[in-house]
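Every read-out reported here was derived from the displayed coordinates using simple, explicitly stated rules and does not represent laboratory data. Here the structure is a predicted model, which means the values were calculated and not measured. Glycine gets a Cβ as well: all are built from the backbone with ideal geometry, and neighbour counts include every protein chain shown.
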């Protein structure tokens, strides 16, 4: 486990694409939940329902979400929840650096916490995620990724992410914003 204090400074500056924050949004006493992944620069969201709130299924969900865009995944910052205990599998499978926040410091993943708050507009506390269809979750994620954001100059997370990701693919490097 590598602490957040060892994370590269460029992650904090949000100048390059590919630095993600991960968390879970839970129902009740960990009966059901979502894994949420948010790209720091763009605010682009990926989410998947978790059938089991255990380390291996959580790691498998993260790998499934990242695999199609693995070129846009450089770092992943997580909290200290038990569900992220299989972080080495994620790191090895995707060749990504994983970092962990200090205990009880969710503010160190502020982009993710803010986005989880936006998700709660659609799925209030008490929502049983076992009763939410994958289609409904995808529609909500799509809405959030297409909602203009002031910090992005009123562009959407999808515009920023896909615009910069495709640019990085064309040039063979990381998308850098000056």
Quiz item: How much space per residue, in cubic angstrom, does the convex hull of the C-alpha atoms of the range 1-106 take up?
Solution: 94 Å³
Self-check item: Label-point separation in nm, residue 125 to residue 88, each point 7 Å along Cα→Cβ
Solution: 3.6 nm
Practice problem: For a quick protection proxy, order the peptides 4-15, 53-64 by their average other-Cβ count within 10 Å, most packed first. | Solution: 53-64, 4-15
Exercise. Could I have the simple spin-label model distance between residue 118 and residue 152, label points 7 Å from Cα toward Cβ, reported in nm to one decimal?
Key: 0.6 nm
Practice problem: Any chance you could run the full-extension gain for residue 138 through residue 56? It's 0.36 nm times the residue separation minus the Cα-Cα distance, nm to one decimal. | Solution: 27.3 nm
Quiz prompt | Given (1) 14.5; (2) 11.6; (3) 9.7, the label whose value is mean projected area of the Cα convex hull in nm² derived from this model | solution = (3)
Quiz item: For residue 6 and residue 70, what is the calculated FRET efficiency with R₀ set at 22 Å and r taken between the beta-carbons, to the nearest 0.05?
Solution: 0.50
Quiz item: How do 121-129, 36-44 rank on mean C-beta neighbours within 10 Å, highest first?
Solution: 36-44, 121-129
